[in-house]
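Enquirer: Sharing a structure here in structure tokens format.
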Amino acid sequence: MARLLVVEDDETIGEVLESRLRAQDHAVVWERTGRGALRAAGADFFDLVLLDLGLPDVDGVEVCRRLRGIQPGCVLVMLTARQDEMDVVLGLEAGADDYLTKPFGFAALLARIRAHLRRGVPDPPASARISVGDLVVDTAARRCTVLGRELDLRPKEFDLLARLAVDAGTALTREQLMDDVWDVNWHGSTKTLDVHVAALRGKLAAAAERWDAVLPGIVTLRGHGYRLEGPGDRPVTAPAGS
């Protein structure tokens with residue numbers, strides 16, 4: 001059972017989401033405004049937030065940004081009727097992990113929720129520590145460090161970086177990354193992947209400059225996918241605590 005926050009001002013949609021998600025044994029809190037959502041997030045922890053962007057009081061993208069600051073570890077999924085690609089990208093850059101465009105089927109939403117709550121990286125051993133240059137990815141502790149300093153990553157950013165690090169130097173297709181980091185039954189846009197890659201690049205570049213570190217880069221392979229390119233080092237995998 002997960003704790004879910006539904007932020008939706010449409011009474012019909014909100015009632016349906018609340019009742020159906022509770023029927024799946026989730027604990028659900030339904031808020032109808034952005035301010036209500038921020039109050040709820042400040043008072044309790046949630047595993048996942050379903051956030052409508054078209055709220056009556058505060059712009060949904062701004063609510064998303066504030067929610068990410070309040071609960072950095074939760075999954076944020078935007079629900080939007082907006083068709084403009086820039087609105088979606090702004091939401092993802094504000095801290096959302098994913099989005100669904102209205103209207104959507106409940107089965108698709110439920111599959112997406114399950115994919116996000118899974119939060120696993122299947123390939124590395126459960127207790128693996130993967131080193132690429134000055135970057136260390138500890139999958140058991142779900143921590144990334146640079147020269148002993150922790151790199152602040154959102155849940156899916158960690159999963160994506162861990163997946164790339166497992167096969168550093170190897171070209172991974174977009175489909176492989178979506179299947180492994182999100183879910184094999186994923187039916188959403190791969191724009192989510194691109195935004196997460198961009199965020200990781202920014203954080204790695206900032207960490208390299210701030211701490212004078214030698215870090216890997218994420219190379220775009222047009223028409224194929226991505227590759228984590230180490231700074232001349234082969235990835236080293238060792239049991240945690242070694």
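Please treat every number below as a calculation from the coordinates, not as lab data. Source: prediction; values computed, not measured. Glycine gets a Cβ as well: all are built from the backbone with ideal geometry, and neighbour counts include every protein chain shown.
Enquirer: Report, in degrees rounded to the nearest 10, the 0 to 90 angle that the Cα long axis of helix 106-118 makes with the longest principal axis of the chain.
Expert: Orientation of helix 106-118: about 40 degrees from the principal axis.
Enquirer: Can you tell which of GLY105, LEU147, LEU92 lies farthest toward the positive end of the dipole of the chain, using +1 and -1 charges on the Cβ of basic and acidic side chains (Lys, Arg; Asp, Glu)?
Expert: LEU147
Enquirer: Net charge within 14 Å of ALA199 by Cβ-Cβ distance, Lys/Arg positive one each and Asp/Glu negative one each, not counting ALA199 itself?
Expert: Result for the local shell: 0.
Enquirer: How would you classify the stretch 1-126 from its alpha-carbon gyration tensor, with a ≥ b ≥ c the square roots of the eigenvalues: rounded for a/c under 1.5, else prolate if a/b is greater than b/c, otherwise oblate?
Expert: Verdict is rounded for the stretch 1-126.
Enquirer: Now for a separate question. Report the FRET efficiency, 1/(1 + (r/R0)^6), for ALA140 and THR12, where r is their Cβ-Cβ distance and R0 is 51 Å, rounded to 0.05.
Expert: Here the calculated transfer efficiency is 0.70.
Enquirer: Ranked by Cβ crowding within 10 angstrom, fewest neighbours first, how are PHE104, PHE158 ordered?
Expert: Values: PHE104 14, PHE158 22.
Ordered from fewest to most neighbouring Cβ atoms within 10 Å, PHE104, PHE158 come out as PHE104, PHE158.
Enquirer: Under a Cβ-Cβ cut-off of 14 Å, what is the net charge of the residues other than ASP25 that fall near it, where Lys and Arg count +1 and Asp and Glu count -1?
Expert: +2
Enquirer: Please give the charge dipole size of the stretch 1-100, origin at the Cα centre, charges +1 on K and R Cβ atoms and -1 on D and E Cβ atoms. Round to the nearest 20 debye.
Expert: Magnitude of the dipole: close to 400 debye.
Enquirer: Still on this structure, I have one more. Taking every DSSP beta bridge that has both residues in the chain, what percent is antiparallel when rounded to the nearest 5?
Expert: Here the share of antiparallel DSSP bridges comes out near 55 percent.
Enquirer: Over the stretch 3-118, calculate the relative contact order: mean separation of alpha carbon pairs under 8 Å at least 6 apart, over the residue count, as a percent. All intermediate terms of the calculation are to be shown ahead of the outcome.
Expert: Details: 185 pairs, mean separation 25.8, N = 116.
22 percent.
Enquirer: Subtract the Cα-Cα distance of ARG201 and ARG20 from 0.36 nm times their separation in residues, and report this length gain in nm to one decimal. Intermediate values should be presented prior to the final figure.
Expert: Details: separation 181, 0.36 × 181 = 65.16 nm, distance 3.79 nm.
61.4 nm is the gain from fully extending ARG201 to ARG20.
Enquirer: Tell me, what HN-Hα J-couplings in whole Hz come from the Karplus equation 6.51 cos²θ - 1.76 cosθ + 1.60 at θ = phi - 60° for each residue of the stretch 61-67, using x for Gly and Pro?
Expert: The phi angles translate into 5, 5, 4, 4, 4, 5, 4 Hz.
Enquirer: Can you give me the angle between helix 155-166 and the longest principal axis of the chain, using Cα atoms only, in degrees from 0 to 90, rounded to the nearest 10?
Expert: Orientation of helix 155-166: about 30 degrees from the principal axis.
Enquirer: Right, something else. In debye, nearest 20, what is the charge dipole magnitude of the stretch 123-172 about its Cα centre with +1 on Lys and Arg Cβ and -1 on Asp and Glu Cβ, if you could check?
Expert: Roughly 100 debye for the stretch 123-172.
Enquirer: Which log10 I(q)/I(0) values does the chain give at q = 0.12, 0.17, 0.18 Å⁻¹ under the Debye formula, counting every alpha carbon as one identical point scatterer?
Expert: -0.69, -1.25, -1.35
Enquirer: Which of HIS224, ALA81, ALA205 sits closest to the plus end of the dipole of the chain, meaning its Cα is farthest towards the positive end, when Lys and Arg get +1 and Asp and Glu get -1 on the C-beta?
Expert: ALA205
Enquirer: Any idea what the dipole of the chain comes to, in debye rounded to 20, about its Cα centre with Lys/Arg Cβ at +1 and Asp/Glu Cβ at -1? Please report the intermediate quantities before stating the final value.
Expert: Numbers: 30 positive and 37 negative charges, 105 e Å.
That gives a dipole near 500 debye.
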